[in-house]
Amino acid sequence: MLTNRVLPRALSALAAVSVLCACQERPEQPEALTHADSTRLLRDLADEVWADTLENSTYLRLQEGLPIEKFEDITLENHYENLAKAASWRAKLFAIDSTALSGDDLITYEILEFELADISVNDDDYWLQFDITAYLGPYLFRFAQEALAIHRFPNKAAANRYLNLVNEYAELIDQLIVKIEGQVERGLYLPKPALKSTRATWAGIRDTGSTQLSVAEERLAALTDDERQAFSAALDRIIQERVLAGFDQLLDRIGADYERQAPDDVGLHQYPGGREVYLRRIRSNTTLELSPEEIHERGKKAVADISARMQAIRDELGFEGTAREFNHRIRNDPRFLAESPHEVEERFMEYIKRIEPKLDAYFHSWPEAAYGVRRLPPAAEAGMTYGYYSQPTAADPVGYYNYNASNLPNRSLVWAGSLIYHELLPGHHFHLATQGENEALQDYRKNYSVGAFTEGWAEYAASLGIEMDMYETPEELYGRYIGEIFLASRLVVDTGMNALGWSLEDAHKYMRQYVIQSDSEIASETLRYATSIPAQALAYRLGYEKMWELRHRSEEALGDAFDIREYHEVVLSDGAKPLVVLEAKVDSYIASALSN
């Protein structure tokens, strides 16, 4: 239902290690530096990290309108290069006197300190990332395909660059195969339940390979006849001999022999070093120091609490059946089904217009960028369950929720209010557009994203609709709780499968009790948590809980002096940050307010 904005950036640099360990040995405090020297060194380092990130991310280069000369590198060698760069940056960071920093610079230091924390001492984080899954695999090639689709051919040199990029595309397939073989050598196999969808995904990418990479004649109009003929012949040769042959080899590598060796169970816990990898992924995704067991119990408690609230609404409506039966009925209630994309947009904008008059009571400022809703390209809808928010850019200065309008008879809008408050106002648009418009921030900070903050804020924002009386009917409020219980249940099943020995069927059975999603959606979701991106799904609910925890702390400490607009300004004004950094900032705000 809800999307994760940090994911494309992470997936566009899969070789980069994003899983950080909790224990980091700090060197002795550096020699005291002046404020000016510390600030200069810190800003130079942030610029260096951002430049490297931008250099190596197809996704970010597309976003910034920069030329694409290469695609991602997922080799073990690049993994080691990233470790070396991180160590170098860490040394530079720890040579800076943090006590001489203040304001945004101190927060930049704290963000880098978290992101550059010392990592694991072995290669488990690399080898236990199965890049071939049906969820991760397409991301590896999606942005490469986008870059190739917009490539221009003003001359022969540009045509040659395109051929080089298609060779890079083929190289990425080769790298996947090498990684699969390295995992097999170590006895590491993708679980059997994920293989059917994985093979189908790669067969689909292979079958559309020629179409995706071929170039229509009209795109080559600037070339001479001889140049066009030579280009087309060279391109066809690369597609046939490298791309399609590479996909065939990949599919063969994960065929029957692979499946015989693959485990029946799912989850990281079953692999050597798997629990330690999962712990690091918990920290990198949630930015919190929590054990799987603690998260599991928090999830169960949240599910029970939300379930009780949903039962109260069913009682209010006089429904006597089970939660599953009510979910089926409300999912198919014609009052919450749209007959056209235009009606979907009208429903979303109705909720936006409802909340706009009340936002000034909760926020000191709004982002300058306009906002709206628009349909996804129909061709993209089949591969996307819901939709996503796209933040304003120079080319398109409007923040949009891009919604999915396919299969409308089965796409209930009972949770449309909660969804649009999460995606636009006062959710992602208020956060991401504000962050992008803050000229006081360096590029590193303007573009910094971490799921626990981004999705945590959006969920907190959607829940504000309750106290703002935005859910005017029992059904609308029930729709809000549908979103809440889905995210809370993920705390239980993600930790269950990856750390506590749960099977896929255990996870399916648990979610069926509580969520409105269909059996096929539950199957797809749980497989993703257990085989593609373990711990990623934890960020949403845990970020939401931390936002409320810090708000309640502020309210209790400040009493009548608490100003909700000021709290929201403290959280949002300088953009995303790890929750441990946000907590320190909120505590500083409380201390400052108490001293005045």
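The values are calculated or read from the model by the stated rules, or taken from the named source; none is laboratory data. This is a predicted model, so every value here is computed, not measured. Quick reminder, even Gly has a Cβ in these numbers, built from the backbone with ideal geometry, and neighbours come from all protein chains shown. Ligands, DNA and RNA are stripped out before the accessible areas are found, and what is left, the full protein with its side chains, is counted by its heavy atoms. Shrake-Rupley method; radii C 1.70, N 1.55, O 1.52, S 1.80 Å.
Can you pull out the helices (runs of 4 or more DSSP H) entirely within the stretch 248-334 that have at least 2 residues that are open to solvent by less than 20 Å² (accessible area, probe 1.4 Å)? I'd like the intermediate steps shown before the answer.
Values: elements: 256-261, 274-286, 292-316, 323-331.
Where helices (runs of 4 or more DSSP H) fall fully within the stretch 248-334 and carry at least 2 residues being open to solvent by less than 20 Å² (accessible area, probe 1.4 Å), they are 274-286, 292-316, 323-331.
Please go through the stretch 338-370 and pick out each residue that is outside any helix (DSSP H, G or I) and of a type in the set (D, E, K, R). Even if it seems obvious, please write down each step before you answer.
The first filter runs over the stretch 338-370 and keeps only residues outside any helix (DSSP H, G or I), leaving 338-340, 362-370.
Correct list: Glu339, Glu368.
If I ask for residues that are assigned to a loop (DSSP other than H, G, I, E, B) and surrounded by 15 or more Cβ atoms within 10 Å (Cβ to Cβ), which ones from the stretch 387-405 would you list?
Quick first cut of the stretch 387-405, residues assigned to a loop (DSSP other than H, G, I, E, B) only: 387, 391-397, 404-405.
Of everything in the stretch 387-405, those that are assigned to a loop (DSSP other than H, G, I, E, B) and surrounded by 15 or more Cβ atoms within 10 Å (Cβ to Cβ) turn out to be Gly387, Gln391, Pro392, Asn404, Ala405.
Select from the stretch 329-348 the residues that are closer than 20 Å to Tyr421 by Cβ, in contact with a strand residue (DSSP E or B) (Cβ under 6 Å, 6 or more places away or on another chain) and not hydrophobic (A, V, I, L, M, F, W, C) and list them in ascending order.
Passing the criteria: only Glu345.
Determine, yes or no, whether Glu185 is more than 25 Å from Glu64 (Cα to Cα), free of Cβ contacts under 8 Å to residues at least 12 places away in the same chain, of a type in the set (D, E, K, R) and open to solvent by 10 Å² or more (accessible area, probe 1.4 Å).
Values: more than 25 Å from Glu64 (Cα to Cα): yes; free of Cβ contacts under 8 Å to residues at least 12 places away in the same chain: yes; of a type in the set (D, E, K, R): yes; open to solvent by 10 Å² or more (accessible area, probe 1.4 Å): yes.
Considered against the rule, which asks whether it is more than 25 Å from Glu64 (Cα to Cα), free of Cβ contacts under 8 Å to residues at least 12 places away in the same chain, of a type in the set (D, E, K, R) and open to solvent by 10 Å² or more (accessible area, probe 1.4 Å), Glu185 comes out as yes.
Mind checking which helices (runs of 4 or more DSSP H) fall wholly inside the stretch 408-450 and carry at least 2 residues that are out of contact with any Phe, Trp or Tyr (no Cβ under 8 Å at 6 or more places or on another chain) and open to solvent by 20 Å² or more (accessible area, probe 1.4 Å)?
Details: elements: 416-423, 434-437, 443-446.
So the answer is 434-437.
A quick yes/no check of all residues on (1) open to solvent by less than 50 Å² (accessible area, probe 1.4 Å); (2) modelled with pLDDT of 95 or more; (3) in contact with a strand residue (DSSP E or B) (Cβ under 8 Å, 6 or more places away or on another chain); (4) outside any helix (DSSP H, G or I):
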{"residue": "Ile132", "(1), (2), (3), (4)": "yes, yes, no, yes"}
{"residue": "Ala158", "(1), (2), (3), (4)": "yes, yes, no, no"}
{"residue": "Arg161", "(1), (2), (3), (4)": "no, yes, no, no"}
{"residue": "Leu172", "(1), (2), (3), (4)": "yes, yes, no, no"}
{"residue": "Leu176", "(1), (2), (3), (4)": "yes, yes, no, no"}
{"residue": "Glu181", "(1), (2), (3), (4)": "no, yes, no, no"}
{"residue": "Arg199", "(1), (2), (3), (4)": "no, yes, no, no"}
{"residue": "Ser210", "(1), (2), (3), (4)": "yes, no, no, no"}
{"residue": "Val215", "(1), (2), (3), (4)": "yes, yes, no, yes"}
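Name the residues in the stretch 67-97 that are part of a helix (DSSP H, G or I) and either more than 15 Å from Leu116 (Cα to Cα) or not hydrophobic (A, V, I, L, M, F, W, C) (or both), would you? Steps first, please.
Residues of the stretch 67-97 part of a helix (DSSP H, G or I): 76-94.
Answer for the stretch 67-97, where residues must be part of a helix (DSSP H, G or I) and either more than 15 Å from Leu116 (Cα to Cα) or not hydrophobic (A, V, I, L, M, F, W, C) (or both): Leu76, Glu77, Asn78, His79, Tyr80, Glu81, Asn82, Lys85, Ser88, Arg90, Lys92.
Do you know which residues across the stretch 36-73 are in contact (Cβ under 8 Å) with a residue 12 or more places away in the chain and hydrophobic (A, V, I, L, M, F, W, C)?
Within the stretch 36-73, Leu41, Leu42, Leu45, Ala46, Val49, Trp50, Leu54, Leu60, Leu62, Leu66, Ile68, Phe71 qualify.
I'd like to know if the stretch 135-150 contains one or more residues that are surrounded by 17 or more Cβ atoms within 10 Å (Cβ to Cβ), at pLDDT below 95 and not in a helix (DSSP H, G or I).
yes
Is it the case that the stretch 76-92 has a residue that's surrounded by fewer than 18 Cβ atoms within 10 Å (Cβ to Cβ), closer than 28 Å to Gln212 by Cβ and over 21 Å from the mean Cα position of the chain (by Cα)?
yes
Could you grab me the full set of residues in the stretch 26-66 that are part of a loop (DSSP other than H, G, I, E, B), over 27 Å from Asp123 (Cβ atoms) and open to solvent by less than 80 Å² (accessible area, probe 1.4 Å)? Walk me through it before giving the result.
Our first condition is that a residue be part of a loop (DSSP other than H, G, I, E, B); within the stretch 26-66, this holds for 26-34, 56-57, 65-66.
Then keep just the ones that are over 27 Å from Asp123 (Cβ atoms); that gives 28-34, 65-66.
Result: Pro30, Leu33, Thr34, Gly65, Leu66.
Does Ala452 qualify as being touching a residue at least 40 places away in the same chain (Cβ under 8 Å) and hydrophobic (A, V, I, L, M, F, W, C)?
Details: touching a residue at least 40 places away in the same chain (Cβ under 8 Å): yes; hydrophobic (A, V, I, L, M, F, W, C): yes.
The answer is yes for Ala452.
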